[in-house]
Each structure stands twice: as structure tokens, then as C-alpha cells.
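**Q** Please read through the structure below; I'll follow up with questions.
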Amino acid sequence: KPQLVASNDRFCRFLEEYCPVVTETYYPTIWCWEGRVQTLLRPFITSRPQVQYRNELIKTADGGQISLDWFDNNDSLCYPDTSTRPTVLLLPGLTGTSKESYILHMIHQSETLGYRCVVFNNRGIAGEDLLTPRTYCAANTEDLEAVIHHVHSLHPSAPFMAAGVSMGGMLLLNYLGKTGRDTPLMAAAIFSAGWNVFESVESLEKPLNWLLFNYYLTTCLQSSISRHRQMLEKLFDMDLVMKARTVREFDKQFTSVMFGYRTIDDYYEDASPCRKLKSVGIPVLCLNSVDDVFSPGHAIPVETAKQNANVALVLTSCGGHIGFLEGIWPRKCTYMDRVFKQFVQAVFEHGNKIFSM
């Protein structure tokens, strides 16, 4: 069974009643239960539900643009009125977009419940041009704040919550830690967030993890900015950036410089959600596996979570990073998908039971 960490008895009872999956035994797929194998295989094994998006480009205060992909769910039978149709904002991982299989599955789950979804694609990675020499990072929440304000202004009467995966979850936690209760979001779900960036990069720099994940992730980061080289060369030594062989080297030469941090340690400290968890002011459910090499089990802030009545952690012993595969042939629904579906439905259908916590 997963470990459920929550100091608020009312929140616990709410989850046990309306999101019972968090109390059920999670049985990982028997032939790929190990965390690294789950992490590696999930993108290849899981299906990719068909989703038709409506794209919207919104302008930012600094002259940039953000690409939003909307799934309006206009065939919703439960919520035919678009003005009050519940809306879920989805935040993909580090180099992820609305095309990731885990995002498509979240939208598929939301579709069956009648909800609307909008995917926040970080600057410059979803095919749109960079209009300014700026991309994104886990610590800077300005773009996310702009997106949340924009979505809420379009549908002010619609119940509104968010779900973030991996770096998307880190960004969402950092936003919630900054805003406290001052947000239009009712609640949030976080999946496989890296809680302490120092511990995450140290884990990823171990020889086998570097070979399996770190080098590939670094090349993905480099690929995501290479298309915008002409714009970015105005501020960066792109030849140096493209020589990086680890995420830490990339962040040292590019990310931390872009966002004005004096050192990479300053950036990593600011990007670590564990530092802001005490300030989260709305109900948040966080799912992590303790065998996730991207977010080591010993770095999950269990004691800090116990100090905030708004926070519940669900910790599994297996599952890897955005893995959580289950069943003999795990093509479709994962444990993570089931947690997402039940929690989102619990918030939208029975949220009044926890909002008086």
C-alpha cells in the first residue's frame, strides 16, 4: 500500500472516501517493476489517445508568447454550459509538450468526466517562435501566473484546478508556495516532482543514471533551444551551451544565467519546491515513488508536509519517474492516471468538503 502522509484528518478522510485509489495496494507490472525500467519503458509502452487541440498564443508582458493547447470538450454531457465547465490546467515536464502520452491520458480521463483541459507549453518548445531571448525554468513563475490569470479571466465562473508533472509539478508548487491562498485554483495535483534539485542532479549524475537519463535529457534541452539559436545568441555563448554533457552543466551555462542567478546553487535553491511547501495555501495531492532517480526518496519532504494541513503526499515503493505501470501489459491506464482522475473528480464534485479545512 502507498504511504499517505497528511497531518489534516479531514483531508485524509476526504481522500479515503472520494479518492480511494491512494489507499489501495499498488501492484507494479511484474516484469518491469524496477524504477529505472518503469521510467524508460513508459513512453514506449503506453498508448497515445487521440486528442484534437485548439491552439492559442498569448502575449506576455516582456513581449514574448506562450502556446496554450485547449481541449474544450464541447461534447460534454455533464457540463454543457461552457461558462461553468470545470477546467484543468496541465503542466508537462522539463522538455514536454501537450503531445506527451501522460498528458494525453490525463485529457482522456478528463474527457470522460466532462471537464475542459488546457495545456501550458513552456516558451519555445511547442513549435512557436521565441520573440525574446528567454525560455523557462522551474523557479520563475511569471509565465504560469500569466496563464492562470488568462484562463481564469476567460471562464471566471468555472471551477479551476491544475496538475503538474515532473518539472511542471515543481513549477506549480513554486507558484503555490509564492501565492498561498491568493490564487483562482481550487486545488492541485503534483506527480513525480523533484523536491530538492541538488539531490535530483546528484542522483542523475551517478554513472548508470547519467548513461540512462542525464545525457539524453541534456541533449533534449539542447535540441529544444537549437531551433532558436539566432535569437538566443544575442545573450549566450551557444557553442558553450551546446557542449554541456549534464543537466547541471546546461543549467550553469544557460538557465541560471538567463534568469539572473549569481550562481547555479542560487538557482537550484530557488527552484527546489521543498523550500516553499510550508506556504502552500490550497489542497494539494502529491504522488511520488521512492525509487524515482529524478526525485530520490530520501529527499521527499515528509516532515515539512506534515506541517501544512493543505498538503497530502502519496508515496509508493515502486513506480519510477512518471511510470506507475500496472497490469501484465500496461498499455492504457497507469496508477498515476487513476490518482489523477479520482482526485480531480473529488475536487470538482465534492470539493466543498475540504475547502472548509
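**Q** Of everything in segment 212-244, what is farther than 30 Å from GLN38 by Cβ and surrounded by fewer than 15 Cβ atoms within 10 Å (Cβ to Cβ)? Give them in sequence order.
**A** Correct list: ARG227, ARG229, GLN230, GLU233, LYS234, LEU235, ASP237, ASP239, LEU240, LYS243.
**Q** So, GLY169, is that one of a type in the set (Gly, Ala, Ser), in a helix (DSSP H, G or I) and within 12 Å of the chain's Cα centre (by Cα) or not?
**A** Yes: the conditions hold for GLY169.
**Q** Quick one: ILE45 ticks every box in (1) in contact with a Pro (Cβ under 9 Å, 6 or more places away or on another chain); (2) closer than 28 Å to GLU145 by Cα; (3) of a type in the set (A, V, I, L, M, F, W, C) bar one, so which box is it?
**A** (2)
**Q** Here's a follow-up. Any idea which of SER279, SER317 is under 28 Å from PHE160 (Cβ atoms), among the hydroxyl-bearing types (Ser, Thr, Tyr) and outside the structural domain of LEU208 (by the TED database)?
**A** Exactly one residue qualifies, and that residue is SER279.
**Q** Being under 12 Å from PHE120 (Cβ atoms), among the small types (Gly, Ala, Ser) and open to solvent by 10 Å² or more (accessible area, probe 1.4 Å) narrows it down to one residue among ALA163, ALA146; which is it?
**A** Just one listed residue meets the conditions, ALA146.
**Q** Moving to a separate point now. Within segment 2-38, track down each residue that is open to solvent by less than 20 Å² (accessible area, probe 1.4 Å), closer than 26 Å to LYS332 by Cβ and not in a loop (DSSP other than H, G, I, E, B).
**A** LEU15, VAL21, VAL22, CYS32, GLY35, GLN38 - these are the residues of segment 2-38 that are open to solvent by less than 20 Å² (accessible area, probe 1.4 Å), closer than 26 Å to LYS332 by Cβ and not in a loop (DSSP other than H, G, I, E, B).
**Q** Return the residues of segment 16-61 that are hydrophobic (A, V, I, L, M, F, W, C) and within 30 Å of LEU154 (Cβ to Cβ); say none if nothing qualifies.
**A** CYS19, VAL51, LEU57, ILE58, ALA61
**Q** Further question: For segment 53-98, list the strands (runs of 3 or more DSSP E) that sit wholly inside it and hold at least 1 residues that are at pLDDT 95 or above, in contact with a helix residue (DSSP H, G or I) (Cβ under 9 Å, 6 or more places away or on another chain) and farther than 18 Å from MET161 by Cα; which are they?
**A** Strands (runs of 3 or more DSSP E) meeting the threshold: 54-59, 65-71.
**Q** From ALA193, ALA158, ALA138, ALA163, grab the single residue that is at pLDDT 95 or above and not in a loop (DSSP other than H, G, I, E, B).
**A** Within the list ALA193, ALA158, ALA138, ALA163, the selection yields ALA163.
**Q** Please give the helices (runs of 4 or more DSSP H) falling wholly within segment 243-357 in which 1 or more residues are closer than 24 Å to GLU24 by Cα.
**A** Of the helices (runs of 4 or more DSSP H) lying wholly inside segment 243-357, those with at least 1 residues that are closer than 24 Å to GLU24 by Cα span 302-305, 335-350.
**Q** Quick check: anything in segment 41-59 loosely packed, with under 13 Cβ neighbours inside 10 Å, farther than 27 Å from ALA312 by Cβ and acidic (Asp, Glu)?
**A** No, segment 41-59 contains no residue that is loosely packed, with under 13 Cβ neighbours inside 10 Å, farther than 27 Å from ALA312 by Cβ and acidic (Asp, Glu).
The values are calculated or read from the model by the stated rules, or taken from the named source; none is laboratory data. These figures come from a predicted structure and were not determined experimentally. In this analysis, Cβ positions are derived from the backbone assuming ideal geometry, glycine residues included, and neighbour counts consider all displayed protein chains. Quick note on the areas: whole protein, heavy atoms, side chains included, nothing else; ligands and nucleic acids left out. Shrake-Rupley method; radii C 1.70, N 1.55, O 1.52, S 1.80 Å.
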